[in-house]
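Remarks on the structure that follows.
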Amino acid sequence: MRHRIAVVGSGPAGLTFARVLHRHGYPVTVLERDPAPDARPLGGTLDLHEGLGQLALDKAGLLAEFQALSRPEGQAMRILGTDGTVLRDWQPRPDDRANPEIDRGQLRDLLLGPLDVQWGRGVTQVAPGTRDGALVHFADGRQETFDLVVGADGAWSRTRPAVSSATPHYTGVTYVETSLDDIDTRHPGLARLIGDGSVAVYGVNRALVAQRNSGGHVKAYAQFRAPLDWHTNLDLADVEAVRSSMLALFDGWAAPVLDLLRHGTAFVHRPLYVLPVSHIWTHVPGVTLLGDAAHLMPPLGAGANLAMLEGAELAESLASGPADLDEAVHAFEEQMWARAGRWAKITTAGLERLVSADPAEALALFDQVQPS
């Protein structure tokens, strides 16, 4: 295989794809719009599942390095009532490595390794079917052709229109994210509340979830059902105004829980969008999609895992599958669609239960998925 292959996006999907191809000795061009690896915060922490994300890392030859970096203790999960009562407290066994956590930044650095990423190469459009292959248009006006362009460029993919007219739609659920630093020293009470992993509190059509990252950093998420324009009269850039709005929304909840909002250092508005549950497309030679670009779903632990495994599987298919590039890609897509469709149904139903009019639904969902 000596095809010209490009992957758009340096997230978990794109880098896993490139890293597995690299392991098999095949070149791939990674195109990333960010000007540098540290150009923006990469978000919180990911739990990588044994049969999904960890399997992908094994295919990339990186499983041992991941195990050295990951936090098995981060699998701990505590659920509180709105009055602060502990309803559930799941602690992982010492040997439990089913879903250990790793910071997104650590995962990116692990996957980057020897890869040559072209930073600052923002893609604006991909046009398949040209005489020389798929034509990639860049933000700086340049163009380049490839035999295969893999869109791993997320929810608002610039690659997706080459194969599908689908666009993400709002779920009716919004997240407002905040962060707390050096929590063990500055907020020891909150550190004890969160424990080694996550703490969640569920109310009527709203929830507060906090998750420990490495280095004493915590991400907290206010989750609630609201119209997309709920913030019309609120300046989202005004930290104190957003804090007051969130405290009013969760008024009456236990004071230690509300401290997650009182001590947050900044707030980021994250309305949740998804693609149709069974998003598929008519195969287009020379272009395909991975991860959120292909099957954006609620963030309930499956998305990054699926994206990484898809990247690894597509790379293996190209490296050792049919001699015909297009045949290998089409076979991969059929497999991806079936699995992603199942997970999209699961996560969509899960979101309905986690942020619902009946908080008992959230507790019942966790009872189903957590080890007894």
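The values are calculated or read from the model by the stated rules, or taken from the named source; none is laboratory data. If you're wondering where the values come from, they're calculated on a predicted model, not measured in any experiment. Cβ placement follows ideal geometry from the backbone for every residue including glycine, while neighbour counts extend to all protein chains displayed. All accessible areas refer to the heavy atoms of the entire protein, side chains included, with ligands and DNA or RNA removed. Shrake-Rupley method; radii C 1.70, N 1.55, O 1.52, S 1.80 Å.
Once segment 155-177 is narrowed to residues that are within 20 Å of the chain's Cα centre (by Cα) and part of a loop (DSSP other than H, G, I, E, B), the residue that is surrounded by the fewest Cβ atoms within 10 Å (Cβ to Cβ) is Trp156. From the list Gly74, Gly129, Gly133, Gly84, the one residue that fits, being touching a residue at least 12 places away in the same chain (Cβ under 8 Å), in contact with a Ser or Thr (Cβ under 8 Å, 6 or more places away or on another chain) and at positive phi, is Gly133.
Taking the condition outside any loop (DSSP other than H, G, I, E, B) and in contact (Cβ under 8 Å) with a residue 60 or more places away in the chain, does Ala307 pass? Answer is yes for this residue.
Selection of segment 332-359 for residues being open to solvent by 60 Å² or more (accessible area, probe 1.4 Å), among the hydrophobic types (A, V, I, L, M, F, W, C) and closer than 21 Å to Gly291 by Cβ yields Trp343, Ile346. Filtering segment 254-296 to residues that are over 29 Å from Pro188 (Cβ atoms), open to solvent by 10 Å² or more (accessible area, probe 1.4 Å) and in a strand (DSSP E or B) leaves His269, Pro271, Leu272, Tyr273, Val274. With the requirement that a residue be on the phi > 0 side of the Ramachandran plot, open to solvent by 20 Å² or more (accessible area, probe 1.4 Å) and not in a loop (DSSP other than H, G, I, E, B), what does segment 178-229 give you? Matches in segment 178-229: Gly215 only.
In the set (1) open to solvent by 40 Å² or more (accessible area, probe 1.4 Å); (2) of a type outside the set (Asp, Glu); (3) under 24 Å from Leu300 (Cβ atoms), Leu57 fails one condition alone, (1).
In this structure, Gly14 does not satisfy being closer than 25 Å to Arg339 by Cα and surrounded by fewer than 14 Cβ atoms within 10 Å (Cβ to Cβ). Only one entry in Ala152, Ala139 is under 17 Å from Glu32 (Cβ atoms), open to solvent by 40 Å² or more (accessible area, probe 1.4 Å) and small (Gly, Ala, Ser), namely Ala139.
Residue-level analysis places Leu300 among those that are under 21 Å from Gly154 (Cβ atoms), touching a residue at least 24 places away in the same chain (Cβ under 8 Å) and surrounded by fewer than 17 Cβ atoms within 10 Å (Cβ to Cβ).
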